[in-house]
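Enquirer: Take this structure, written in C-alpha cells, and hold onto it; I'll ask about it next.
None of the figures in this text is laboratory data; all of them are computed from the coordinates on show. Nothing here was measured: the structure is a model prediction, and the numbers come from that model. Cβ placement follows ideal geometry from the backbone for every residue including glycine, while neighbour counts extend to all protein chains displayed.
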Amino acid sequence: MGSSVTRIDLPAPAERREKFEALRRELGSHDQAKERTTFSAYPHGFAVGSLIEIVGPAKTTTLALFLKEHPDLRVAWVESRLTVNPYALFQRGVNLRNILFVEAGEHAHWCLTQILESGCLRVVVADNSWASMDERELRRYQLLSESHHTHFFLLSKAPHSSWIPHLQIEARSQTDLHVLRRRGVG
C-alpha cells in the first residue's frame with residue numbers, strides 16, 4: 001500500500017515579511033525610531049515607543065488633549081471595564097474614528113499583548129489595574145511598545161515605584177503637568 005502525502009507550499013520567510021510590512025504600511029504603521037511626538041502641555045514631547053504613566057485628577061483630559069493634537073494617530077483604548085466616556089472625548093475635540101474602545105474584562109492582558117504585537121496602532125491606552133499587572137507584564141508591554149514604535153499610556157490613580165515606565169507624569173490640570181520620574185527615552 002502506498003501512502004499519499006499532501007505538500008503545502010508556504011511563502012518563503014522573506015515573502016511573508018514583505019507582505020506583512022506592506023500590510024503595516026497600508027494600515028498606517030511605520031518605523032519612528034527615537035522620534036518624539038509633540039505635545040503642547042509637555043514641551044519635550046513623548047518618545048515614540050515609550051511607556052508613559054499618567055496620574056492625577058486630569059489624566060484623562062490630558063490624554064484627550066494629546067489625542068486632539070494628533071487626530072490621525074490610530075488608538076486602542078483598553079480597559080477591563082470601560083470607564084471612559086467616548087462622547088466626553090468627542091466634546092474635547094478628539095477624533096473618535098481612529099479610536100478602538102475595548103472592554104476586555106478578565107482578558108485585558110491578552111488584548112493589550114495582541115494589540116501591541118500587531119504593530120498597527122500608534123497609541124495604546126490602558127487603565128492601570130496594578131493589583132493584577134505585575135512587573136513582568138509591564139516589562140512585556142514596554143518591550144512591545146519599543147519594538148513596534150507605539151506610545152503606551154498607563155492611566156493610574158497614584159504613581160507607583162515600578163522602574164518600568166519611561167516617564168511618570170502627574171496631571172494636576174489639562175496643561176499643568178509635573179514630571180515625577182523620567183528615565184531613558186522618556
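Enquirer: Can you find, among L73, T113, T83, the residue farthest towards the positive end of the dipole of segment 38-171? Put +1 on the C-beta of Lys and Arg, -1 on that of Asp and Glu.
Expert: Of the candidates, L73 comes out farthest on the positive side.
Enquirer: Using the charge dipole of segment 38-171 (Lys, Arg: +1 at Cβ; Asp, Glu: -1 at Cβ; taken about the Cα centre), state which of Y42, V124, I52 has its Cα farthest towards the positive end.
Expert: Of Y42, V124, I52, it is Y42.
Enquirer: Is the shape of segment 33-186 best called rounded, prolate or oblate, per the rule: a/c under 1.5 gives rounded, else a/b larger than b/c gives prolate, else oblate, with a ≥ b ≥ c the square roots of the Cα gyration tensor eigenvalues?
Expert: Numbers: a/c = 1.20, a/b = 1.05, b/c = 1.14.
It comes out rounded by the Cα gyration axes.
Enquirer: Starting from the Cα of K19, draw a straight line to each of the aspartates and glutamates and keep only those under 18 Å, dropping any in the same chain fewer than 8 residues away.
Expert: D9, D31, E117
Enquirer: Return a whole-number percent for the relative contact order of segment 79-172, with Cα pairs under 8 Å and 6 or more residues apart as the contact set.
Expert: On the way: 80 pairs, mean separation 24.8, N = 94.
26 percent.
Enquirer: I need the peptides 41-47, 175-181 ranked by packing, meaning the mean over residues of other C-beta atoms within 10 angstrom, with the highest value on top. Write out the running numbers ahead of the final one.
Expert: Working: 41-47: 16.1, 175-181: 13.9.
Packing order, densest peptide first, comes out as 41-47, 175-181.
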